[in-house]
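Asks: Here's a structure for you.
Each value in this text was obtained by applying a stated rule to the coordinates, not by laboratory testing. Because the structure is a prediction, the values reported are computed rather than measured. Please note: Cβ atoms are built from the backbone with ideal geometry, for glycine as well, and neighbour counts cover all protein chains shown.
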Amino acid sequence: MVKRLIIPCLASVMIACGNNTENTKSEIPSPEKTKTELKEKKTSGIGIITDDAKNVEILEQMVYPANSPVAKWGKLKVAPNDKGVRCLCDEKGNPVQLKGMSSHGLQWAGVAQITEENIKALRWDWNCSVFRLVFYVDEEGGYAHNQTHRTRHLENVVKWCGENGMYVLVDWHVHKPGNPEAKQYRKHPMNGIDLAGDFFAYCSRRFQNQKHVLYELCNEPNPSSGATTWPNHIKPYCEDMLKIIRENDKDVVCICGTPNWSQDAHVVIGNEPQDENGNVYDNLMYSYHFYAASHYDGVDPNSPYQGHDYMKPMREGDSTAHMPCILATLPIFVTEFGTTDASGWSNFRPDLTDKWMKILDGGNLGNQKVSWCNWSFSAEGGESAALKWNEGNIRQCDRNKILTESGKYIFKKLHEK
Ligand code: IDC
């Protein structure tokens with residue numbers, strides 16, 4: 001197992017880290033570029049959606065346990081905070097900050113152990129208010145290759161999270177290929193189905209009455225399979241998905257992936273997804289991802305990634321790069337972060353993660369409190385994993401024995417006020 005995973009992982013770090021600065025630059029349009037190369041592509045057009053998805057039975061609204069996050073906060077929305085900055089809010093419009101764990105790949109379920117008991121433990125022992133459910137698509141046994149992802153994982157986990165009053169963030173895990181418009185997602189070579197459209201048609205119809213469901217339209221768009229830009233690929237993709245979702249669920253919070261492994265949120269500013277009448281969609285957020293040892297403040301002497309300060313643009317903006325404070329400008333959700341380097345395998349850095357936590361807890365010009373999910377609730381993928389091993393019900397295990405150093409750190413963070 002480990003051998004199989006190391007190779008793609010190292011490759012992804014090399015691309016993730018090596019290309020970051022370059023790609024960040026190329027995403028900031030120069031005036032000439034705006035006119036020519038970045039002319040926006042029209043929506044690609046939605047492909048085949050199956051009758052199964054279109055006609056799926058709509059579930060009745062669930063009742064959430066008293067004192068649970070969902071009972072307290074209800075259906076979330078995006079609204080302004082005291083400073084007028086859009087952010088995640090409860091049903092009444094008060095800012096909320098969700099905190100929780102992300103699953104690993106469900107196709108490697110032997111290591112992920114997403115069971116009913118463990119969802120319960122995440123809510124009541126770990127104090128999570130959100131769980132991110134990750135659907136890798138075309139990678140080894142992912143959603144495209146196995147029906148049970150929908151019939152079992154999606155159905156069960158949405159139900160179990162609801163029964164425990166915990167929000168569930170359903171993530172369409174774009175990773176390889178890195179373009180959400182790639183045929184593997186939009187017109188699958190096996191059957192020609194618009195897999196992404198079909199997935200969100202199914203979810204948004206089936207769960208339209210559930211207050212605890214949120215959608216991440218695409219994890220980490222990236223250039224691994226060719227140029228993947230906000231205006232030409234990601235925005236048109238998100239507009240297609242929103243058209244589908246909003247027909248069934250007019251206000252569910254949706255989070256758009258951003259270019260360069262969800263690190264270039266700034267390219268969204270002034271160019272947010274719009275409906276057919278040209279109105280920017282409500283209740284939209286944008287994702288930002290970091291792996292603390294790779295995406296840090298640029299001054300750590302032990303890091304190979306010298307010089308680039310990833311924190312400053314989020315916290316206060318960066319005038320030399322003509323970047324406003326992202327957290328004072330856009331509603332952001334850190335749908336995935338790691339306490340290690342971007343491979344997930346090594347370099348656990350609680351000190352650098354702490355610096356990020358301060359920013360996410362409102363330490364930014366916009367006073368925006370940023371929700372987060374930690375990668376990952378599993379024993380896979382190296383030091384970023386929270387568990388050392390996990391065979392079944394974590395409640396019956398000695399926490400000190402099953403948690404990794406990262407797991408212990410995150411467990412503590414989840415209990416801080
Ligand atoms: C990694 C897994 C690894 C798996 C690989 C598959 O840890 O076991 O083989 O994906 O491509 C991300 C991605 C996430 C990565 C993670 C660690 O969203 O899928 O998981 N990472 O590399 N972005 C930055 C880091």
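Asks: Using just the alpha carbons, could you tell me how many Å³ per residue the convex hull of region 257-400 encloses? Write down the numbers at each step before the final one.
Replies: Values: hull volume 20.5 nm³, N = 144.
Looking at region 257-400, the number lands at 142 Å³ per residue.
Asks: Only Cα pairs under 8 Å and at least 6 apart count here; give the relative contact order of region 344-400 as a rounded whole percent.
Replies: Numbers: 46 pairs, mean separation 18.2, N = 57.
Across region 344-400, relative contact order equals 32 percent.
Asks: Additional query: Stretch Ser319-Lys250 to full length: gain in nm at 0.36 nm per residue minus the Cα-Cα span?
Replies: On the way: separation 69, 0.36 × 69 = 24.84 nm, distance 3.76 nm.
Taking 0.36 nm per residue and subtracting the Cα distance, the gain is 21.1 nm.
Asks: Here's another thing I want to ask about it. Along the Cα→Cβ direction, 7 angstrom out, place labels at Glu60 and Lys183. What is the inter-label distance in nm?
Replies: Each label point lies 7 Å from its Cα, and together they span 4.6 nm.
Asks: Which peptide among 344-350, 273-279 comes first, and what is the full order, when sorted by highest mean count of other Cβ atoms within 10 Å?
Replies: Peptide ranking by packing, descending: 344-350, 273-279.
Asks: Quick one: net charge of Ser129's neighbours, Cβ under 12 Å, K/R +1, D/E -1? Present the calculation step by step, with values, prior to reporting the outcome.
Replies: Numbers: positive: Lys72, Lys99, Arg123, Arg132; negative: Asp90.
Result for the neighbourhood of Ser129: +3.
Asks: For region 52-150, calculate the relative contact order in percent as a whole number, restricting contacts to Cα pairs under 8 Å that are 6 or more residues apart.
Replies: Working: 107 pairs, mean separation 18.4, N = 99.
Averaging sequence separation for qualifying contacts and normalising by length gives 19 percent for region 52-150.
Asks: Could I get the Rg over Rh figure for the chain? Both from C-alpha atoms, Rh via Kirkwood, rounded to two places. Show your work: numbers first, answer last.
Replies: Details: Rg = 19.8 Å, Rh = 21.3 Å.
Reported Rg/Rh (Cα atoms, Kirkwood Rh): 0.93.
Asks: Sticking with this structure for a sec: Quickly rank 284-295, 406-417 as a protection proxy: mean count of other C-beta atoms within 10 Å, highest first. Before the final figure, lay out the partial values.
Replies: Working: 284-295: 25.2, 406-417: 16.1.
Packing proxy ranking, top to bottom: 284-295, 406-417.
Asks: Compute the distance from the alpha-carbon center of region 277-310 to that of region 152-224, in whole Å.
Replies: 23
Asks: For Glu216, what is the net charge nearby, where nearby means another residue's Cβ is under 13 Å from its Cβ and Lys, Arg count +1, Asp, Glu -1? Could you put the intermediate results ahead of the total?
Replies: Numbers: positive: Arg132; negative: Asp171, Glu220, Glu336.
Overall, the nearby charge balance is -2.
Asks: Further, regarding this structure: Taking only Cα atoms and a 10 Å spring cutoff, compute GNM fluctuations for the chain and point out the largest among Glu336, Glu383, Glu139.
Replies: For the chain, modelled as a Gaussian network with Cα springs under 10 Å, the answer is Glu139.
Asks: In what sequence, highest mean first, do 323-332, 187-196 appear when ranked by Cβ atoms within 10 angstrom?
Replies: On the way: 323-332: 22.4, 187-196: 17.9.
Descending packing order for the listed peptides: 323-332, 187-196.
Asks: Roughly how many nanometres apart are two label points built 7 Å out from the Cα toward the Cβ at Asn94 and His145?
Replies: So the label points at Asn94 and His145 sit 4.7 nm apart.
Asks: How big is the antiparallel share of DSSP beta bridges in the chain, given as a percent to the nearest 5? Write out the running numbers ahead of the final one.
Replies: Values: 9 of 42 bridges.
Given both bridge residues lie in the chain, the antiparallel proportion sits at roughly 20 percent.
Asks: Pairs to check: Lys388/Lys413; Lys250/Lys358; Lys250/Lys417; Lys75/Lys235; Lys120/Lys401. Give those whose C-alpha atoms are more than 28 Å from each other in this structure.
Replies: Result: Lys250/Lys358; Lys250/Lys417 exceed 28 Å.
Asks: While we're here: Explain nothing, just the number: relative contact order of the chain, from Cα pairs under 8 Å at least 6 residues apart, as a whole percent. Let's see the in-between values first.
Replies: Working: 870 pairs, mean separation 78.9, N = 417.
Over the chain, the number comes to 19 percent.
Asks: Using all Cα-Cα distances in region 153-250, what percent lands in each 5 angstrom bin from 0 up to the longest?
Replies: Over region 153-250, the share of Cα pairs per 5 Å bin runs 3, 13, 22, 23, 18, 12, 7, 2, 0 percent.
Asks: Right, here's the next one. Please compute the net charge surrounding Gly165, taking Lys and Arg as +1 and Asp and Glu as -1 over other residues with Cβ under 12 Å from its Cβ. Write out the running numbers ahead of the final one.
Replies: Values: positive: Lys72, Lys120, Arg123, Lys211; negative: Glu163.
Spelling it out: positives minus negatives among the neighbours equals +3.
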